1. Hey, what number do you get for the protein assembly as shown at 222 nm if only DSSP H runs of n ≥ 4 count, each worth -39500 (n - 2.57), divided across all residues, to the nearest 500?
2. Per residue, how large is the accessible surface of the protein assembly as shown? Use a 1.4 angstrom probe and give square angstrom.
3. What Kirkwood Rh does the range B:97-235 have if only Cα atoms enter the pairwise 1/r average? Answer in Å.
4. For chain B, what relative contact order do you get, as a whole percent, if you take Cα pairs closer than 8 Å and at least 6 residues apart?
5. Using the Cα atoms of the protein assembly as shown, I'd like the radius of gyration and the largest Cα-Cα distance, Dmax, both in angstrom.
6. Using 7 Å Cα-to-Cβ label points, what is the A:I88/A:T23 separation (nm, one decimal)?
7. Can you pull a Stokes-Einstein diffusion coefficient for the range B:188-280 at 37 °C (0.692 mPa s), Rh from Kirkwood over Cα pairs, as a whole number of µm²/s?
8. Could you give the radius of gyration (one decimal) and Dmax (whole number) of the Cα atoms in chain B, in Å?
Amino acid sequence: MTQNSWGGPRPGSGRKPLSSEPTVTLRVPVSHKETVVALVQRLKSSPGIRIPSWLEVHALAEQPPFLAIPLMSHSVRAGFPSPADDYIEKRIDLNEELIQHREATFFLRVRGHSMVGAGIDDGDELIVDRAISPAHGRIVVAVVDGELTVKRFFQREGVVKLVAESAEFADIEFKDGQEMVIWGVVTKVIKSV
Amino acid sequence: MTTFALVDGNNFYVSCERVFNPKLEGKPVVVLSNNDGCAVARSSEVKALGVKMGTPWFQMKDLARKHGIIALSSNYTLYADLSNRMMSVLRMFSPDQEVYSIDECFLKLDGFGFDLSAYGQTIRQRVHRWTGIPVCVGIGSSKTLAKLANHVAKKRPQWNGVCDLGALSESELNALMASLEVGEVWGVGRKIQEKLAAMRIHTVLDLKQSDAGRIRRSLSVVVERTVMELRGISCLALEEVAPAKQQIMCSRSFGAPVMLLTELCEAVTSHASRAAEKLRRQVSVAGAIHVFICTSPFREEDPQYSQGLTIPLPDPTSDTKKLVKAVLWGLKQIYRPGFRYAKAGVMLMDLSPVATQQNSLFAEEGADEESAHLMQTMDLINRKMGKDAVFIASAGVRKHWQMKSGNKSPCYTTNWGELAEVRC
């Protein structure tokens, strides 16, 4: 049977397609029509952009968002690698070097001259560790008459006293029944030179 | 069996002040709230004088003069630092910790299998030795029991600061519970206590031995759970990661009454900025913002006005500029001239994590990233250069309304210029 050339669809007739691919009809709020049209226009004009899913439409900014890339220790070259690369270490951190117990360490500022013999001067800062137990001979911060006081701790043959390191200052002795409160142990002195 | 410890700092704010100012030891000390309003911490000496929590300072001035009560402005910078130190020390004692508030945390001690009272004493001594903060330890097989044990350890000196309910026999425990008012139980407030009293439940023991089903029917499932917890059945688990806040509040009383809209604008801008910063720190966005202003209920001779307004945001945001814009609009709606305003505040609501946020399809493209970068930069500068190095200009430069803190101690541990001095 031969094909009748009359009737049926005529090629090239009807509304011209908007897109090279099949299309669908969508209902869009009137107020958003312009935006959708603009969006489709932009997609047409930059065919390189693909939308993986409609949720990510907002990511279609003029400029893509900044992407942080971890910095490598040195750039990759087809040559001799840096011989120092295996030896990279982090810089010295004074907190790590000077502080043994982070939670128990406090800084205090010195006022007075009774410890000059121990190298502690007016205006110096002290690093004080409360976690270290006070032992004979250590420099401590004690509570004397309600004030924080720095002295050397003496504890021998039943005698407990706080010793100054300057001839001009008397030692502070503690009798039986008198309570001495040691606030912390001095571990380092910071001074400006 | 589960075992919880509740460790709690004694008169925490007062204890923090005493660490660097030993002269305060043994003296009656109160710490006043922001703006030196009312007592938020009392030393045991002040409690003995009958001063209640929250008493306004002007109401206790006579008593203070008579007994030499020392009043200090609150120094939250100092308290937060010492709190962090205390919590880090406590973390050494258990793999599971829930920081419950600035001065208390739960530790899980399951299967530690040794003398827990002695362990509690070690905890207590270590925290005091390392940080200078005295604490009490309560131990029990549920959080509610641990909390109750802590109360006993604190109030009854014979326990020496540590109370392990697990070490008591059934009859000893019941005798102890019979001696405690039901209001001391965690979660039993005044209203619940009144309802329980009507059911003839007066002591902790009464509640423990009550009919749990009846409690649920006449009160709530929450109180029923408390009954189970008192019986040693743990119903409340440890919350190790604090859930992101569902609301962020930022409010302050003014140093002096404020009448002008411009000054209120400065205050709420400043509060909204602070709240927005907190919001960004927890990587969230707000869906609504609430603003409120009120006069002082303590100034009875003044005409009173108090009003608030919640402003929903078109797109959830953490952008200070957008939040400030919304809040200033809201403030203008609720402001009435002629009142002496004592307080203003801002609350961010309907918070959601940035990760789950769904942009409205037609939001202004690119604007969000730009604002996120701006906010990031602002936070970074303020973290590096100090608070308020960069701020929204409507927060005002002079800030007349800013709160009083007349007798604040130095920030001994966080500011190099304010280190405590040691006599030499």
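1. Working: 16 runs with 179 residues, N = 617.
After summing the helix terms and dividing by the residues of the protein assembly as shown, the value is -9000 deg cm²/dmol.
2. Numbers: 36000 Å² over 617 residues.
With all protein chains present, the protein assembly as shown gives 58 Å² per residue.
3. On the way: mean 1/r = 0.0637 Å⁻¹.
One decimal place: 15.7 Å for the Kirkwood radius.
4. On the way: 732 pairs, mean separation 70.5, N = 424.
About 17 percent, as a whole number.
5. Computed over the Cα atoms of the protein assembly as shown, radius of gyration and Dmax are 32.5, 131 Å.
6. Distance between label points: 5.5 nm.
7. Details: Rh = 17.4 Å.
D, rounded to a whole number, is 188 µm²/s.
8. Over chain B's Cα set, Rg and Dmax evaluate to 24.3, 70 Å.
The values are calculated or read from the model by the stated rules, or taken from the named source; none is laboratory data. Bear in mind that the values here come from a model prediction, so they are computed numbers and not experimental data. We place every Cβ from the backbone using ideal geometry, glycine too, and count neighbours over all the protein chains shown. Areas reflect the complete protein model, heavy atoms only, side chains present, ligands, DNA and RNA absent. Shrake-Rupley method; radii C 1.70, N 1.55, O 1.52, S 1.80 Å.
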